[in-house]
Amino acid sequence: MQVTTRAIIFVAMIILTIVSMWTTYQSLYDSILPKPAIPVPLWGDKIWDCSVFALGLSVAIGLMLFGMKLAIIDEQKRLNLFGLVGMTIIAFISIAFNMDVLYRTADRDFFMQYSTNQVKSVYSDYLAQVHSGLTGKRDSLLKQIAKQEGELESEIKGLREAPAGYGHIARNEDYQLTILQKTNSVELQSIEQAIDAETKAGELLASTLPKTVQEIQTLQDQLRVAVKDPGAVAGIALPEAVETKSPLFTVFARLFDFKTVGIKEIFFVLIAIFLDLGDIIGYSMVPDRPKWKRRPVLMTIPEAMPGPEIIPSPSVTVPLGDSPIPQDQMPATMSSAAAVNESGDEERPSRRAFRFGRRW
């Protein structure tokens, strides 16, 4: 059963490692290391532009994690909480690439929509400021003309200093009104033209839907040309050009935007972690086989064996006649040994004392 479990986990580990290598390569190719690339002919007329550094780095990361997992399963490394955290940190790079590719694969329009919205939001806010500035200037000029018209009308009706009629003061007010109308008409004309240009830029901003990064850059260039003159009339400087982020950092910005993050983003983060650490986490959750404690072997001393206190030293030979112990009180084993010594021609050395300890 243990061999079968290890075999299943080993096969799953190989599959997950291959998928992780592919996501790492695809993310590196799309975002960081697209070149240098070598064309590799495939079946039919298809050609694969293989990025050398992206492929090498993805294989290196995959094999490194694979070797670490094998060491843990082979019990050469112990997996505990600190080990799991350390492996998570080491696998963070691969997990980041997994999140990038998985999220963009599940939502294929995400990158283009996110990048387009970034450009459009900047220029939409800028056009709103330009429109507010232009309308404010136009209203100010129209108010000046309206005020001067009121001054002239009040003077003609006699509501001011002179009596009613078209007198000297009224002619002066009429002169001021004429000058003001002619002067402000030039500014009003330029403001109206700027408002028309701003309206066309807004229509361009709303109607264009880029499908590639190059089209996003083209849209930005067109918008900058369209809003340059209205911005100059309004006295508002152009915003800085928006730089389109790489897909990897775009996905990171989306996943770590805690104000808008939801279940979808959390799900893909967990899937990305599972690709690199799911197999080893599953292995660590399998319970260990219980270890049976071996009982210590106890050896008993036979009753007939004499104790060490009555056995003489092996280097000393005691004749039977000189024994300090009476023969009738001597144990049976000693009596038999003495009998042999008495009947035989040579004496044998006595046996050594044995002590048996417990074996743990």
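Bear in mind these aren't lab numbers, they're just calculated from the coordinates by the rules spelled out. The structure displayed is predicted, hence computed values, not measured ones. Positions of Cβ are generated from backbone atoms using ideal geometry, with glycine treated the same way; all protein chains shown enter the neighbour counts.
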Show which lysines lie in cross-link reach of Lys157 when reach means a straight Cα distance below 16 angstrom and same-chain residues fewer than eight apart are skipped. Lys147
Note: segment 114-245, point scatterers on Cα, Debye, no solvent; log10 I/I(0) at q = 0.17, 0.18, 0.20, 0.21 Å⁻¹ equals -0.84, -0.90, -1.02, -1.08
Please list the non-local residues whose amide H lies under 5 Å from the amide H of Cys50, H modeled 1.01 Å from N, same-chain partners needing a gap of 5 or more. Ile38, Val40
Computed from the beta carbon distance with a Förster radius of 30 Å, FRET efficiency for Asp196 and Glu149 to the nearest 0.05 stands at 0.70
In Å and on Cα atoms, what radius of gyration and Dmax does segment 1-56 show? 16.1, 48
Sequence ranges 253-259, 92-98, 29-35, ranked by mean other-Cβ count within 10 angstrom, highest first: 92-98, 29-35, 253-259
